[in-house]
Amino acid sequence: NCDPQLLLEVGFTGAVNLEELQLRAPGDGRAPGRVRLFVNSPNLDFAGAEQEEPIQRLSLADLWQPPGDVELGQAGQNMRCSIRLPIARFRRITTLTVFIEDNV
């Protein structure tokens with residue numbers, strides 16, 4: 001039994017505008033399913049990520065794609081996911097916190 005939750009904080013050296021988020025994951029069912037994004041909330045912990053309202057919620061289950069001509073979910077292959085972000089919500093970001101709630 002493993003806990004699929006993961007909390008990542010990405011800090012930038014200056015304020016940035018994010019337009020797209022690209023993710024890669026193994027194609028064996030461990031790819032993120034539901035994700036919450038928080039901006040400019042440094043040092044957010046798991047309790048805060050579960051209780052606070054994120055700037056964006058993402059459901060990625062239908063967005064994962066195999067690289068090139070590989071069949072979806074083929075063992076040993078990595079999957080990729082590209083998400084266009086609404087630019088108005090992701091301006092002047094100094095930290096991005098990615099909370100992965102569960103897997104697909």
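The values are calculated or read from the model by the stated rules, or taken from the named source; none is laboratory data. The model shown is predicted, which means the values in this text are computed figures rather than measured ones. Note: ideal-geometry Cβ built from the backbone for every residue, glycine included; neighbour counts use all protein chains shown. Note: areas computed on protein heavy atoms with side chains; ligands, DNA, RNA excluded. Shrake-Rupley method; radii C 1.70, N 1.55, O 1.52, S 1.80 Å.
Summary of values
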| quantity | calculated |
| --- | --- |
| Number of the exception - Pro42 against (1) touching a strand residue (DSSP E or B) at 6+ places or on another chain (Cβ under 8 Å); (2) more than 15 Å from Arg80 (Cα to Cα); (3) modelled with pLDDT of 95 or more | (3) |
| Breaking point among (1) surrounded by 12 or more Cβ atoms within 10 Å (Cβ to Cβ); (2) at pLDDT below 95; (3) touching a Pro at 6+ places or on another chain (Cβ under 7 Å), for Ala31 | (3) |
| Count of residues meeting criterion [part of a loop (DSSP other than H, G, I, E, B) and either touching a helix residue (DSSP H, G or I) at 6+ places or on another chain (Cβ under 6 Å) or at pLDDT 95 or above (or both)] in the range 61-89 | 2 |
| Selection count, the range 13-26, where residues are assigned to a strand (DSSP E or B) and either open to solvent by 70 Å² or more (accessible area, probe 1.4 Å) or touching a Gly at 6+ places or on another chain (Cβ under 7 Å) (or both) | 4 |
| Counted residues, the range 3-17 - those being modelled with pLDDT of 95 or more and more than 17 Å from Leu44 (Cβ to Cβ) | 5 |
